[in-house]
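The values are calculated or read from the model by the stated rules, or taken from the named source; none is laboratory data. These numbers come from a predicted model, not from an experiment. With ideal geometry, Cβ positions are generated from the backbone for all residues, glycine too; neighbour counts draw on all protein chains shown. For the accessible areas, the whole protein counts, side chains as well, though only heavy atoms, and no ligand, DNA or RNA atoms are used. Shrake-Rupley method; radii C 1.70, N 1.55, O 1.52, S 1.80 Å.
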Amino acid sequence: MAVVVAILAYLALVPIGFLLWKTFVVDGALTLDSFREAYSAIGLGEMALNSFLFTLGTTPIAVGIGTSLAYLVLRTDLPGRRVVGALTLVQLLVPGVLYTVSWIFLASPRTGLLNRALEPVAGAGAIDIFGLGGMVLVEGLHLVPIVFLLMGAAFATVDPTLEESALTSGARLSSVVRRVSLPLVRPALFACVLIVVIRALEAFEVPALLGIPGGVWVFTSRIWRELNAYPADLGQAGAYALSLVAVTAVGVFLLSRLATRRRRFETLTGRGGMLPRRAHLGRWRWPMAAVVFAYLAVAVVMPLLMLVYASTQPFYAPPTSSTLKNMSLDNYAEVLRQEDTIRSVLNTVVLAAGTATIVLIIAAVAAWLVVRTSVRGRWLIDGLAFVPIAIPGLVFGVALLVVYLRVPIDIYGTLWILLIAFVTAELAFGIRFASAPMHAIGDDLEESAYASGASWWQTFRRILVPLLLPGLVAGWIYVFVASARELSSAILLYSPGNEVVSIRIWELYQDGHLTELAALGVMMFVVLGVLVGVAVRVGGTLGIRQL
């Protein structure tokens, strides 16, 4: 307990301490000037309302679609469910900046493919992606894979014989889902809501690329403006960020209260049970499959096809018969000739793999302490882990930058500072992936091992870890991909020679090299796809083929 708390306290409290210092201390004296300036700014009410509406719209889209897909894939006889799971994970591989750019290709008022197709019927610019509606749609769709992974891990662990008993007793499938399935995974569902809310509040790419051009400002875009000012106003940026910390603190408190009632959600015990069968969708089987694949076509296939198309063009223009004749691989050749790009790919793979491994090792032990023990103060683990993700990556990057310029640890200008930033930012998600399935595992399995003379380490390694593998592997995949996609903190911590792929994509977008950006994005997608495929394959050999 002491070791885990010490690690989390160092990672979380050092940057939050700097944030508080820069917000409340000026010239060595305590002051509230930063708060007064920040919250008396013109347009603050509209910005707060935009942030609220952005989060309120994003959350039901991501949680609703992600949970539905997880249940259909893991619990029902949906046709093509393996393809559905694979395509949902494919969407996870696309960085936020790249996914947003692909939607600009699709729905830009002047050059978007969808607007060109609808122009004869609805007129020019029928769909405007630049605005609050476009922000909600793109961010919500982009967060669906996170919910799918977390809820998939929970559904894979909960004993499905309870659902089968309800079905054989004559209950309708909709009633079983509402009264049995969802209540059993309530901790994971609440965690998904909390994670999506936090992700939406701290989202940077979508508000920057779709909101600012449309005149829609949220907290993160205002923070970006304050940090881009000269000199950077860290006090006002910190004042805005502390509002997000307060929102997260309330969510973590409620989640910790739910964790204390974990016995209500235990279904996997030492008693065993018969091998369950999947729920039958009946006459809704094929209509449901049509709806799911229609969603995947819009959310995954079309954006990826637009990126592939753009990567083959000398300059971007909407697809026509003449532009299709100009397709070539010149952009890929140009990207491969750039040493900075190749180095950024290698840096990204090393950082992402290192981050995922470190996070899941710490998260497995931390989740055990939070869920399985009655140690006083264990709520500190959840609280400390969630503090960094409540701070927007932009502010968190500045905090780490100044901290490690002041302390006698020579890591600035190296990959180590990026590794610290990524591990700190992803620890909370690692703990969620480890703790969600742990709620469904009864104590009697461990008690039997202890009674047989096993040590804590033997019990943890040979009983709990194998049962947690669906959640741990899902968490490793998510943390790996999330680290590879990270932009907001990396953009302030990288130095020449230590760029990651997300930085290169952002630079290409800022310079207007859209076709080279698309080529680099497609290459990154392929590399991440291969690595994640290997991880899933390894997971399958360990007995988690359900994922």
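What the table below lists for this structure:
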read-out	value
Conditions (1) at pLDDT 75 or above; (2) in a helix (DSSP H, G or I); (3) not hydroxyl-bearing (Ser, Thr, Tyr): number failed by GLY214	(2)
Qualifying residue in segment 341-348 (condition: open to solvent by 40 Å² or more (accessible area, probe 1.4 Å), polar (S, T, N, Q) and part of a helix (DSSP H, G or I))	no
Selected residue [part of a helix (DSSP H, G or I), on the phi < 0 side of the Ramachandran plot and free of Cβ contacts under 8 Å to residues at least 60 places away in the same chain] from ALA356, ALA367, ALA333	ALA333
In segment 435-490, residue surrounded by the most Cβ atoms within 10 Å (Cβ to Cβ) [restricted to those that are under 30 Å from SER502 (Cβ atoms) and of a type in the set (Val, Ile, Thr)]	VAL479
Given (1) surrounded by 24 or more Cβ atoms within 10 Å (Cβ to Cβ); (2) out of contact with any Pro (no Cβ under 6 Å at 6 or more places or on another chain); (3) over 24 Å from ALA367 (Cα atoms), index of the condition THR220 fails	(2)
Candidates VAL526, VAL465, VAL538, VAL534, filtered to the one that is part of a helix (DSSP H, G or I), of a type in the set (Val, Ile, Thr) and at pLDDT 80 or above	VAL526
ALA366, sole failed condition from (1) more than 30 Å from TRP457 (Cα to Cα); (2) surrounded by 12 or more Cβ atoms within 10 Å (Cβ to Cβ); (3) of a type outside the set (D, E, K, R); (4) in contact with a Leu (Cβ under 9 Å, 6 or more places away or on another chain)	(1)
2 or more residues of a type outside the set (Asp, Glu) and farther than 26 Å from PHE293 by Cβ: qualifying helices (runs of 4 or more DSSP H) within segment 87-187	132-157, 161-168
Filter result for PHE24 (under 20 Å from VAL218 (Cα atoms) and either in contact with a Gly (Cβ under 9 Å, 6 or more places away or on another chain) or β-branched (Val, Ile, Thr) (or both))	no
Flag if GLY64 is touching a residue at least 40 places away in the same chain (Cβ under 8 Å) and either open to solvent by less than 30 Å² (accessible area, probe 1.4 Å) or more than 20 Å from VAL527 (Cα to Cα) (or both)	no
Residue among LEU74, LEU49 that alone is more than 20 Å from GLY215 (Cβ to Cβ) and open to solvent by 10 Å² or more (accessible area, probe 1.4 Å)	LEU74
From LEU150, LEU132, LEU143, residue being under 28 Å from the mean Cα position of the chain (by Cα) and closer than 16 Å to LEU296 by Cβ	LEU143
Matching residues, segment 321-353, being out of contact with any helix residue (DSSP H, G or I) (no Cβ under 6 Å at 6 or more places or on another chain) and among the small types (Gly, Ala, Ser)	SER321, SER322, SER328, ALA333, ALA353
Residues (over 30 Å from VAL177 (Cα atoms), open to solvent by 70 Å² or more (accessible area, probe 1.4 Å), of a type outside the set (Phe, Trp, Tyr) and assigned to a loop (DSSP other than H, G, I, E, B)) located in segment 279-328	PRO314, LYS325, ASN326, MET327
Pair list, Cβ under 9 Å, 6 or more apart: segment 13-42 residue part of a loop (DSSP other than H, G, I, E, B), other residue of a type in the set (D, E, K, R) and open to solvent by less than 70 Å² (accessible area, probe 1.4 Å)	ALA41/ARG222
Number of positions in segment 396-434 that are over 30 Å from MET151 (Cα atoms) and open to solvent by 10 Å² or more (accessible area, probe 1.4 Å)	17
